[in-house]
Amino acid sequence: DHPNDQDEASLEEQRQLLVEASKKARLDESLIKAKMDMTFSLRRKEVVVKQPMVAELKDRWPALFFKDQIVE
């Protein structure tokens with residue numbers, strides 16, 4: 001289930017903000033962690049239902065492959 005105050009459209013907006021933040025030269029790690037936590041349900045649904053290739057997953061969720069997120 002998505003967080004109480006979020007729907008799929010709002011989580012997609014958060015994902016897009018996360019992608020933009022992931023591409024910056026200076027990463028805001030606290031922002032990235034917060035967005036990753038917030039969008040977990042969307043990411044989980046996408047992985048389970050669509051079963052994307054790793055390259056597609058890397059394009060849509062680049063922060064997922066950051067060292068801090070892998071450790072998380």
If you take the residues in region 56-72 that are more than 8 Å from the chain's Cα centre (by Cα) and of a type in the set (K, R), which one is modelled with the lowest pLDDT? K67
Taking region 1-27 and keeping only residues that are within 14 Å of the chain's Cα centre (by Cα) and free of Cβ contacts under 8 Å to residues at least 24 places away in the same chain, one is left with A9, S10, E13, Q16, L17, E20
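Mind listing whichever residues of region 28-42 are without any contact (Cβ under 8 Å) to a residue 40 or more places away in the chain and small (G, A, S)?
Initially, region 28-42 is screened for residues without any contact (Cβ under 8 Å) to a residue 40 or more places away in the chain, giving 28-40.
Hits for region 28-42 are S30, A34.
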I'd like the full set of residues that are of a type in the set (D, E) and closer than 17 Å to Q69 by Cβ, limited to region 7-53. E20, D28, E29, D37, E46
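The values are calculated or read from the model by the stated rules, or taken from the named source; none is laboratory data. These figures come from a predicted structure and were not determined experimentally. All Cβ positions, even for glycine, are placed from backbone atoms using ideal geometry, and neighbour counts span all protein chains on display.
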